[in-house]
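Trainee: I am attaching a structure below and will ask some questions about it afterwards.
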Amino acid sequence: MGDTRTVTVFGLGLMGQALAGAMLAGGRVTTVWNRTPGRAGDLPERGAKEAAGVRDAVEASDLLIVCVRDYHAVREFLDPVADALAGRTLVNLTSGSSAEAREMAAWAAGHGAAYLDGAIMMTPPGIGQPDTVLLYGGPADVFAAHADTLRLLGGATTHLSEDTGLASLYDVALLGIMWGSLNGFVHAAALLAADGVPARDFLPFATSWLGAIGVFSGVVADQVDSGDFAAVDASLASHLPPIEHLIDESRARGVDAALPEFTRGLVAAAIARGHEGDGYARLIDHFRPKAA
Ligand SMILES: NC(=O)c1ccc[n+]([C@@H]2O[C@H](COP(=O)([O-])OP(=O)(O)OC[C@H]3O[C@@H](n4cnc5c(N)ncnc54)[C@H](OP(=O)(O)O)[C@@H]3O)[C@@H](O)[C@H]2O)c1
């Protein structure tokens with residue numbers, strides 16, 4: 001299939017403005033629409049057409065990219081013009097749950113539109129960069145038809161699955177890793193600050209360590225998938241003493257120790273179940289859904 005030439009971007013918040021800017025930079029004929037008028041910034045000067053209304057915005061393009069606050073907002077402005085969606089492709093980059101994504105896919109299909117649901121793993125300044133990741137779920141042929149245009153938003157754009165909900169699930173799973181890592185970093189920064197070490201001095205070591213954690217994660221992934229948890233790098237028994245040290249160092253400085261105490265609870269419980277010789281992946285038992 002040929003490349004998409006006409007694109008409408010719905011939603012001109014911080015992210016929508018960046019998406020529309022990338023479309024213009026990629027030479028696409030770009031129409032923009034926002035609920036509140038007057039938020040197009042410099043996009044018209046750069047060549048964007050401002051739609052007079054939602055219906056005009058839908059009718060202007062084959063590819064419709066939506067990025068607003070939430071799925072409720074998407075339906076609020078698209079419901080009244082749903083009859084105009086037939087034969088077009090709706091790409092929803094609004095953040096939401098996997099259930100909302102699947103529901104939206106069914107709604108779009110009911111109106112004759114092809115649908116992709118996407119997750120943007122970047123902030124607006126990174127839109128259009130070669131290593132920026134956007135993840136998509138939905139029909140592979142629909143993604144393929146628009147891949148060149150969608151890659152204008154991020155060079156590391158990936159189609160994950162025909163399952164429309166998977167991009168949203170990856171999104172929250174990746175955000176969970178981000179919050180877990182950032183919690184660890186701010187806890188570490190508080191610990192070092194108590195001894196007069198600026199966070200910036202510590203940063204290169206933290207960054208390099210995050211790279212090493214990526215390597216450790218490969219072992220965890222293999223063990224979670226195989227179900228063979230025997231330690232290949234470090235046993236749970238060897239994790240426990242340094243966790244105690246972290247708790248002690250935190251308490252000695254008046255730094256909140258709740259994070260390492262939570263970790264100790266997980267590791268100690270696994271050891272109490274007889275898994276002291278297993279690797280860190282064994283903690284999956286704690287997080288897995290419990291049998292009914
Ligand atoms: N910013 C990021 O770093 C980032 C990263 C990844 C994903 N996202 C996701 O991208 C989406 C947009 O984020 P943003 O940063 O652009 O947010 P934002 O700057 O707060 O903009 C929100 C946008 O949603 C529109 N909107 C809100 N309620 C609406 C409604 N009922 N009907 C129509 N439009 C409505 C707003 O229109 P008005 O101007 O009329 O209020 C505005 O265009 C969110 O789902 C967010 O989670 C953002």
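The values are calculated or read from the model by the stated rules, or taken from the named source; none is laboratory data. This one's a predicted model, so the numbers in the text were calculated from it and none came from an experiment. Positions of Cβ are backbone-derived with ideal geometry, glycine not excepted, and every protein chain shown enters the neighbour counts. Calculation scope for accessible area: heavy atoms of the full protein, side chains included, ligands and nucleic acids excluded. Shrake-Rupley method; radii C 1.70, N 1.55, O 1.52, S 1.80 Å.
Trainee: Quick one: would you say Leu152 is touching a Gly at 6+ places or on another chain (Cβ under 6 Å) and either not assigned by TED's automatic domain parsing to the domain that holds Ala119 or not in a helix (DSSP H, G or I) (or both)?
Mentor: Yes; evaluated as a whole, the condition is true for this residue.
Trainee: Condition first: within 26 Å of Arg151 (Cβ to Cβ), away from the ligand (no atom under 14 Å from the Cβ), in a loop (DSSP other than H, G, I, E, B) and at pLDDT 95 or above. Can you find one or more residues in the stretch 87-98 that meet it?
Mentor: Going residue by residue through the stretch 87-98, those that are within 26 Å of Arg151 (Cβ to Cβ) are 87-98.
When the remaining residues are screened for being away from the ligand (no atom under 14 Å from the Cβ), the result is 87-90, 98.
Still in the running and in a loop (DSSP other than H, G, I, E, B): 87-88.
Within this subset, residues satisfying the condition of being at pLDDT 95 or above are 87-88.
The answer is yes, given that some residue of the stretch 87-98 is within 26 Å of Arg151 (Cβ to Cβ), away from the ligand (no atom under 14 Å from the Cβ), in a loop (DSSP other than H, G, I, E, B) and at pLDDT 95 or above.
Trainee: Separate question: Of these, Ala234, Ala270, Ala257, which one is open to solvent by less than 40 Å² (accessible area, probe 1.4 Å) and touching a Ser or Thr at 6+ places or on another chain (Cβ under 9 Å)?
Mentor: Values: Ala234 fails: touching a Ser or Thr at 6+ places or on another chain (Cβ under 9 Å); Ala270 fails: touching a Ser or Thr at 6+ places or on another chain (Cβ under 9 Å).
Residue meeting the stated conditions: Ala257.
Trainee: Of all residues being away from the ligand (no atom under 12 Å from the Cβ) and open to solvent by 20 Å² or more (accessible area, probe 1.4 Å) in the stretch 15-27, which is farthest from Ile127 (Cα to Cα)? Just the residue, please.
Mentor: Gly27
Trainee: If you don't mind, there's one more thing I want to ask. If I filter the stretch 106-140 down to residues being more than 22 Å from Val172 (Cβ to Cβ) and free of Cβ contacts under 8 Å to residues at least 12 places away in the same chain, which single residue comes out as surrounded by the fewest Cβ atoms within 10 Å (Cβ to Cβ)?
Mentor: Gly110
Trainee: I would also like to ask the following. Give the residues of the stretch 59-72 that are within 12 Å of the ligand (Cβ to nearest atom), more than 20 Å from Pro124 (Cα to Cα) and hydrophobic (A, V, I, L, M, F, W, C), sorted by residue number.
Mentor: none
Trainee: Scan the stretch 177-199 for residues that are part of a loop (DSSP other than H, G, I, E, B) and under 15 Å from Leu246 (Cα atoms) and jot them down. Let's see the steps before the verdict.
Mentor: Going residue by residue through the stretch 177-199, those that are part of a loop (DSSP other than H, G, I, E, B) are 194-198.
Ala194, Asp195, listed by residue number.
Trainee: List every residue pair whose Cβ atoms lie under 8 Å apart, where the two residues are 6 or more positions apart in sequence or sit on different chains, the first residue falls within the stretch 271-292 and is farther than 16 Å from Gly227 by Cα and without any contact (Cβ under 8 Å) to a residue 40 or more places away in the chain, and the second residue, located anywhere, is hydroxyl-bearing (Ser, Thr, Tyr) and surrounded by 20 or more Cβ atoms within 10 Å (Cβ to Cβ).
Mentor: Close Cβ pairs (under 8 Å, with a partner that is hydroxyl-bearing (Ser, Thr, Tyr) and surrounded by 20 or more Cβ atoms within 10 Å (Cβ to Cβ)) do not exist here.
Trainee: Then there's this: Can you run down the residue pairs with Cβ atoms below 9 Å, 6 or more apart or on separate chains, where the first is in the stretch 172-190 and in contact (Cβ under 8 Å) with a residue 60 or more places away in the chain and the partner is open to solvent by less than 70 Å² (accessible area, probe 1.4 Å) and of a type in the set (Val, Ile, Thr)?
Mentor: What qualifies is His187/Val255; Ala190/Val255.
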